[in-house]
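**Student:** So that we are looking at the same thing, I have put the structure below in structure tokens.
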Amino acid sequence: MSGLPGVDGAGLTVMASVPVQQVRYASDSISTRIEELQVTLGEGPCQDAHAGGEPVLAADLGAVVWRQRWPVFTPGALGAGAAALFALPLRVGVVRLGVLDLYRLRPGVLAGEQLAEALAFADAALELLLAEQMPGAAVAGSEQLFTHRAVVHQATGMISGQLGIPMAQAFLRLRARAYAGEQGLEELAGEVVARRLRFDEPDGSAAGAPDSSR
């Protein structure tokens with residue numbers, strides 16, 4: 001974790017409107033799982049920090065208050081190895097671009113100089129995200145980011161057409177299935193786009209030849 005004191009790992013998720021939420025960075029497997037859970041479930045400190053525009057600091061993720069607030073996410077995060085989680089929104093005025101999540105392996109607060117350094121780290125991450133939005137910016141990873149967005153968006157559109165439901169509902173179906181199958185959102189979206197999986201079939205499989213009408 002690049003020497004940031006008071007934490008054991010970090011993850012960053014770009015937060016726009018569904019279905020373009022995307023895990024942009026994760027320092028390790030625990031951070032990866034934390035970010036994917038929140039994107040897939042639509043709950044957790046990352047989601048709350050983005051919605052409210054303020055930091056969400058869960059010093060003891062096992063506390064009743066957090067278990068009640070995020071009843072599905074919290075057990076998954078604890079099972080992944082996180083004991084404390086701190087979500088710092090990345091925003092410019094009223095524009096909210098994403099959230100930086102920091103975790104600890106043991107319960108404990110993030111305050112004082114440690115919190116100040118974490119906020120400075122978040123500011124640096126925000127600058128990188130802003131740089132990506134500039135025309136002609138050549139920022140490493142930008143192409144991968146937009147490729148991910150395109151795959152998830154395309155899969156959502158296909159599910160919307162298959163089931164005759166709005167895009168927002170189709171995205172909820174996609175991430176619910178990803179969570180139930182313990183599968184990454186992008187991986188599942190790729191199966192839909194490749195026509196190996198349909199949401200309007202009883203068993204979810206794409207039987208027979210691909211349907212070119214979708």
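The values are calculated or read from the model by the stated rules, or taken from the named source; none is laboratory data. What you see is a predicted model, and the numbers here were worked out from it, not measured in a lab. Just the protein is used for accessible areas: all its heavy atoms, side chains included, with ligands, DNA and RNA removed. Shrake-Rupley method; radii C 1.70, N 1.55, O 1.52, S 1.80 Å.
**Student:** Per-residue accessible area for T40 at 1.4 Å probe radius, Å² rounded to 10?
**Tutor:** 10 Å²
**Student:** At a probe radius of 1.4 Å, what is the per-residue accessible area of H153, in Å² to the nearest 10?
**Tutor:** 90 Å²
**Student:** Top to bottom by accessible area (1.4 Å), largest first, where do V14, V95 land?
**Tutor:** Correct descending sequence by accessible area is V95, V14.
**Student:** Taking only C-alpha pairs under 8 Å that are 6+ residues apart, what is the relative contact order of the stretch 20-88 in percent?
**Tutor:** Dividing the mean separation by the residue count of the stretch 20-88 yields 36 percent.
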